[in-house]
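Every number here is computed from the coordinates shown, using simple stated rules; none is lab data. It should be emphasised that the depicted structure is a prediction, and the values quoted were computed from it without experimental measurement. Cβ atoms come from the backbone with ideal geometry, glycine included; neighbour counts cover every protein chain shown.
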Amino acid sequence: MAKVKSKWVCQNCGYESFSYLGKCPDCNQFGVFVEEITTPLTKIESSKPSNIVLDSKITTIKDIELDEKIRFKTNIEELNRVLGGGFVQGSLLLLAGDPGIGKSTLVLQTTKSICETKLNNKNLKVLYVCAEESPLQVKLRAKRLNVEPDGLYLTNQICIDEVIKQIDEIQPDFLIVDSIQSVFCASISSSSGSVSQIRECTNVLMRIAKQKNITTIIIGHVTKEGNIAGPKVLEHMVDCVINFEGDKYKQYRLLRCIKNRFGTISEVGVFKMEDNGLIELNSASQMLLERPKDASGSAVVATLEGSRIFLHEIQALVGSTGYSNPRRVAVGLEYNRLLQVLAVLEKKVGLNLSKQDVYVNVVGGIDIIEPSYDLALCLAIISSIRDIPINPLTIVIGEVGLLGEIRYVDNIERRLKEAYKLGFKKAIIPKVNDNIFNKIKSIGLEIVQVEKITDAIIQGLKQD
């Protein structure tokens, strides 16, 4: 009998150790090591061939013929946009997001159009592995979403070996695993959701997808820090990684692709959660700008998400603190970016914020990751301190440097065109060259170019 051994595995990054460590030397996280039992394979077991063998035939790239049906679209255009035109046959996708954000709802809504798609004069079949729910619970959600196609098969099997048998029996064209943290491999002794289990199950699903040409979606959870649960190797194994972002207590959702082997990663999709499921939003900026008029501490910025322009309202609240260390709270913005902007305001503008609490928020529950919001954040903070409202028809765009200069941002012309379509009259932007200015001056907006943060404050708080 083989001797039973154990190892300690970091559940955050997959680092392995022969003994327990309080801090992971790879990802610097505390208390993330879990003991896993490992049993070496016997000579007989190790000599057994795998039941999943890939085609190892050697061929030239010119001899490979592409099928016209290799990519098929869904009835959700926002999802097609993020995927680069639709699902690719035989691809393995990872859909991650916070609990309750709408991951299961999204994939269930796509099954309707998938089952209605014909391939070789036959409708596609979908196998839904609902490892976290019973088929009855999925049926209740499907009835609410009005999604009950004939080619949708449900199973609550959590053993990956049994799932393989069901795949051979049904021979689906599309496989959904909800979630990867709930299934397990019988040959691994650790519990479901551990690093070893997630890695092995994903590896099995990857080989099935490539060998049987089955498009596979695996749904994964995220940690409290917002990272995908499990080791980073999970993201390297799949073909496409999609994050479903947003506040689950609010209506708006953002579908962002962070890896795509078959398309670009610059596209994003916007949805609105309603009682009958996720609704696509082709123009979300107008809904995100429902704000009170003549209110101080509010500024609007045009951001670039992929190839789309979104207008966001940034709100700031500054007040006196009763503690020795003032609070800094950022919702929807990078916390370190807020600290940098506050440092510039103290050094270059002369504000004393050492006794002031600062709270900033992006309305709508959507995160902004590009630095073009710096100038709007500065003006919102100054507006809250002085209690002077910014003109609601003014758009503010620009990156703030450490020297207090306003730096240029890309696609300024497209941002201003989107603002003009939504009724804005004035734009405060960084100084641009003559070629760019000749293009944007014909848009119809009053263009105000600024070079320093002090100039932007004067123009932004000036009462028209």
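Quick notes
- Packing rank of 380-393, 420-433, where each peptide gets the mean count of other beta carbons within 10 Å, highest leading: 380-393, 420-433
- Distant-in-sequence amide H partners of residue 6 (H built 1.01 Å from N, under 5 Å): 38
- Applying 1/(1 + (r/R0)^6) with r as the Cβ-Cβ distance of residue 280 and residue 119 and R0 = 35 angstrom yields a FRET efficiency of 0.90.
- For residue 261 and residue 61, the FRET efficiency from 1/(1 + (r/R0)^6), where r spans their Cβ atoms and R0 equals 22 Å, is about 0.85.
- Using θ = phi - 60° in the Karplus curve 6.51 cos²θ - 1.76 cosθ + 1.60, the 3J(HN,Hα) couplings for segment 142-156 round to 5, 5, 5, 8, 6, 10, 9, x, 6, x, 9, 10, 10, 8, 10 Hz; x is entered for Gly and Pro.
- Between the amide H of residue 181 and those of 221, distances stay under 5 Å, these residues lying 5 or more places away or on another chain, with hydrogens modeled in the peptide plane.
- In a simple Cβ point-charge model (Lys, Arg +1; Asp, Glu -1; nothing else charged), the chain has a dipole of about 240 debye relative to its Cα centre.
- 3J(HN,Hα) from dihedral phi, segment 11-21, Karplus parametrisation 6.51/-1.76/1.60, rounded to Hz, x for glycine, proline: 7, 9, 10, x, 5, 10, 9, 7, 9, 6, 10
- Across segment 69-282, the relative contact order, built from alpha-carbon pairs under 8 Å that are at least six residues apart, equals 29 percent.
- Full extension of the chain segment joining residue 211 with residue 250 gains 10.0 nm, where the gain is 0.36 nm per residue of separation less the Cα-Cα distance.
- Residue (of 219, 120, 101) at the positive-pole extreme of segment 95-233, dipole from beta-carbon charges: 120
- Restricted to Cα atoms, segment 94-247 shows a radius of gyration and a Dmax of 14.9, 46 angstrom.
- R0 of 35 Å, Cβ-Cβ distance residue 137-residue 189: FRET efficiency to nearest 0.05: 0.75
- Calculated mean residue ellipticity at 222 nm for the chain: -7500 deg cm²/dmol, from DSSP H runs with n ≥ 4 weighted as -39500 (n - 2.57), summed, divided by the residue count and rounded to 500.
- Taking amide H as placed 1.01 Å from N in the peptide plane, the amide H of residue 252 sits under 5 Å from that of 273, each at least 5 places away or on another chain.
- Segment residue 21..residue 461, full-extension length gain: 152.9 nm, with 0.36 nm per residue of separation and the alpha-carbon distance subtracted.
- Hz values of 3J(HN,Hα) by residue in segment 362-376 - Karplus curve (6.51, -1.76, 1.60), Gly and Pro given as x: 9, 5, x, x, 10, 7, 10, 10, 9, x, 6, 8, 4, 5, 5
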